[in-house]
1. Would the stretch B:149-158 turn up any residue that is buried (at least 18 other Cβ atoms within 10 Å of the Cβ), in a loop (DSSP other than H, G, I, E, B) and on the phi < 0 side of the Ramachandran plot?
2. Can you pull out the residues in the stretch A:231-253 that are crowded, with 24+ Cβ neighbours inside 10 Å and more than 13 Å from A:Gly287 (Cα to Cα)?
3. Outside any helix (DSSP H, G or I) and modelled with pLDDT of 90 or more: is that true of A:Ile58 in this structure?
4. Out of (1) at pLDDT below 95; (2) in a helix (DSSP H, G or I); (3) of a type in the set (Ser, Thr, Tyr), what's the single condition that is false for B:Thr87?
5. Find the residue count for the stretch B:240-259, including only residues that are assigned to a helix (DSSP H, G or I) and in contact with a strand residue (DSSP E or B) (Cβ under 6 Å, 6 or more places away or on another chain).
6. Evaluate the stretch B:86-99: report whether one residue or more is closer than 30 Å to B:Lys398 by Cα, crowded, with 24+ Cβ neighbours inside 10 Å and within 17 Å of the chain's Cα centre (by Cα).
7. Could you please let me know if B:Ala168 is more than 23 Å from A:Tyr123 (Cβ to Cβ), crowded, with 24+ Cβ neighbours inside 10 Å and touching a Lys or Arg at 6+ places or on another chain (Cβ under 8 Å)?
8. Restricting attention to the stretch A:274-282, does a residue exist that is within 14 Å of chain B (Cβ to nearest Cβ), over 30 Å from A:Gly121 (Cβ atoms) and part of a helix (DSSP H, G or I)?
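The values are calculated or read from the model by the stated rules, or taken from the named source; none is laboratory data. Keep in mind it's a predicted model, so treat the numbers as computed, not measured. Methodologically, a virtual Cβ is constructed for each residue, glycine included, from the backbone with ideal geometry; neighbour enumeration extends over all protein chains shown.
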Amino acid sequence: MLALDLLVNGLIFGLFYALMAVGLAMIFGVLKVVNFAHGEFYMIGGYAYVLISLKLGIPPWIALGLAALAGAGLGWLVERLLMRPLYAGHGSWSITKDEYAVVVTFGLSLLLINLVDKIVGPYPFLGPVLIETSRFTIGPVMLNGQKLIAAGVSLCLLIGLALFIKRSLWGRQIQAVAQNRLGASLAGIDATKTTSMVFMISGLLAALSGALLAPLINPGPDVGAFPAIKSYVIVVLGGMGSIWGGMAAALFLGVFEAFFAVYVSYAYRDAFGLLILILVLLIRPQGMFGEKGREV
Amino acid sequence: MRFSRITALLGIAFAASATSAIAADPIAIGISIAQSPPGSVVQGTQVKDAVEIVKDMVNAKGGVLGRQIKLIYEDNQGIPEKGRAATEKLITKDKVVAIAGGHQSSVCLAEIEVAHRYNTPYINTNCWSDDVRKKGYAEVFNPANYNTRVSEAMTNTIIAMGVKSVVAFAENTDYGIGQAKITGEMMKARAPGVSYKYETVDRAGKDFTPAILPLRANPPDMVVTIMLPPAAYIVMNQLYEQGVAPSAKTWLYDGSGLADYPDFWQNVKDAGKYMISFALYHPQMAIPKLGQDVSAEYKKRTNNEPNRLIFQSADSLLLIVDAIKTAKSTDPKAIVKALQTMKFAGVRGPFQFGKEQGYGFQQWVDIPFVNYQLTDVNQPISKTNLIQGPGQKLDVNKLVKPAK
């Protein structure tokens, strides 16, 4: 029965990881840069949800939507002000200044953490639950309502994102830019607009993730570090830039971490994720679902 | 002749103005705290609030030796290397006469090495690890609580309650692991029949469910938490969510004085009800007039109730001020000597530092503590179920268990 408990909880946390990681994977897919401030999008989402609902008295479901909008807005702003110089002036298809992206996103991460720390304060906040339910059992598994709802919303969002990427025109444009930015531009796709959209989606998903987990994981200014590290592992594990790979890797990591913690060592649970990362880089550097790069 | 008289007068005037400038120079005291993550900014903020109050009180009364006190803050971010650099900077560049504020054991352990090297007095404000004392450095003074004190108190309570199995969650820091180990040693020596084990958890962790789930199948009689917020809050919420503790079967016992943090109830809600807590402050404790003044000023400035960290921080700065007065000097060596011998009357009452090597070295050995139980959500500390306190022996029969 413990195994079932671990499986369910691992899958639930895997869904939360996935919601964070796919945004990171999308940005890498389109721009080939790692957004080191991704965890802070999550933090902003958590804070926006808590402050909007607790301080302004707005119902939690509306606060959830507003937190998502805050994340999308921040994503748009970051792309417009900080990321665009990556390719501006080098032709819309050419990406340069890789080191710039590392420095600017890392700096942004520190800036956001310290801004929130100084403006809102260092105290963590437990967010309000979306639906008032006490803990309950499903068979041998004990859950609380918030966790189940957060998992359900995450699943719906991931399915929705998958359909959006696969079926919609915008989704196909994202795929095209991720595959070949120059080719997509030659085919008439506005790569700049697509990049902006990817940042907005990425910010929205991370912020939603933070907001959904705010009633479970008391957000403080540095709350984003933990999910961000998990996301980096997942993105490499699933294949850099692969959204599907990211989703699968997130579920895999969530479940295996849970089992490893109980049957091997809890103390080394996080090290286990990093060990997988190293093994993947050594044995299959393109990740579980990534493709080998080809030099032309 | 006339020229030389004017020159002499000008010389005297210049010398007098220079002397008064020196006399008016403030006394610089270094405060090394976490003001930004990943350190405990919550604690850092409280330390700063308290020392600011004391500084203003001292300066309003004319300062020390006719000089005002100036506090120089350094942000150590709760990182030992940053703490080491901060201490080095405070001593060598800012020329502080003493340092206070340390509130995370790993950081204190790094900082005291620098203070020791420069023979600068170091007042440990809130680092509980016994190792800070065991170093035996003459410059380090400890008005703060220490791990052995907590472990002793908790072991006594656990034995009195008659529990047979205890699982502790300890954060992966010098403080957490240290306290978990000492408690284990004491339990082994004094209650060998009690099963005790501890799990080390990441203080930056967010999901502790895998460590908690096995306890559902085989619940212990007591779960002990040796952790700081926010991880402590998350563990408590997940223990409650999984129905492990507090429950009809399992007690929850906090060994880090969580309940008097200003954000405690906002972050734990139902998970805090029925928790037993070791603590260093309770409104029933006799607080001298000076402590009451600091308490009133803290409430006025922050709108929060004071807790033990406010009093510890206030005492840390007052110790330095009193030592300067006693030594009639700001020379670090003279301050150290004064601290070693003087009897101090602070905001928590009078005490003198111990001299015996080990965990009691230059430590307020008999630091007062309480044990209480929270019996309702949002309960203020004054309304808690006090099971051990000043002038009140441990009475575990007063403890209340949840129905389910």
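1. No: zero hits.
2. Across the stretch A:231-253, the qualifying residues are A:Ser231, A:Leu253.
3. Values: outside any helix (DSSP H, G or I): yes; modelled with pLDDT of 90 or more: yes.
So A:Ile58 fits the description; yes.
4. Evaluating B:Thr87 over (1) at pLDDT below 95; (2) in a helix (DSSP H, G or I); (3) of a type in the set (Ser, Thr, Tyr) leaves (1) as the failure.
5. 1
6. No, every residue in the stretch B:86-99 fails to be closer than 30 Å to B:Lys398 by Cα, crowded, with 24+ Cβ neighbours inside 10 Å and within 17 Å of the chain's Cα centre (by Cα).
7. Judged against the criteria, B:Ala168 is a match.
8. Looking through the stretch A:274-282, at least one residue is within 14 Å of chain B (Cβ to nearest Cβ), over 30 Å from A:Gly121 (Cβ atoms) and part of a helix (DSSP H, G or I).
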